[in-house]
Amino acid sequence: MKAKKIVTIVVTAIASLMILLSGTMKLMHNADAVKLLTDHGVGDYISILGSMEIIFTILFIYPIVIKCCA
């Protein structure tokens, strides 16, 4: 593999995992996430935001969507 492709895969994987973990914490109603989002006024939408993060990350990783939009 070329070095550029390896770097791209690693960076994409790290970013995707961070967003997936963030969405998971929101869906699990983690106390820190709930407090932070409630303080910012979006506490009522925690489950929706977590679901959207996970769905968009899956679409970002899915190869057909990447080829379609590239």
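The values are calculated or read from the model by the stated rules, or taken from the named source; none is laboratory data. This structure is a prediction, so every number in the text was calculated from the model and none was measured. Cβ atoms come from the backbone with ideal geometry, glycine included; neighbour counts cover every protein chain shown. Protein only, heavy atoms only, side chains kept; ligands, DNA and RNA dropped before computing areas. Shrake-Rupley method; radii C 1.70, N 1.55, O 1.52, S 1.80 Å.
Have a look at L27, L21 and point out the one that is in contact with a Ser or Thr (Cβ under 8 Å, 6 or more places away or on another chain) and either among the aliphatic types (A, V, I, L, M) or modelled with pLDDT of 90 or more (or both).
L27
Consider only pairs whose beta carbons are under 6 Å apart and that are at least six residues apart or on different chains; among these, list those whose first residue lies in the stretch 42-70 and is under 15 Å from I19 (Cα atoms) and whose second residue is open to solvent by 70 Å² or more (accessible area, probe 1.4 Å) and at pLDDT 90 or above.
G50/L27; E53/I19; T57/I19
Scan I48, I54, I58 and give me the residue that is assigned to a helix (DSSP H, G or I), open to solvent by less than 70 Å² (accessible area, probe 1.4 Å) and of a type in the set (V, I, T).
Criteria check complete, one pass: I54.
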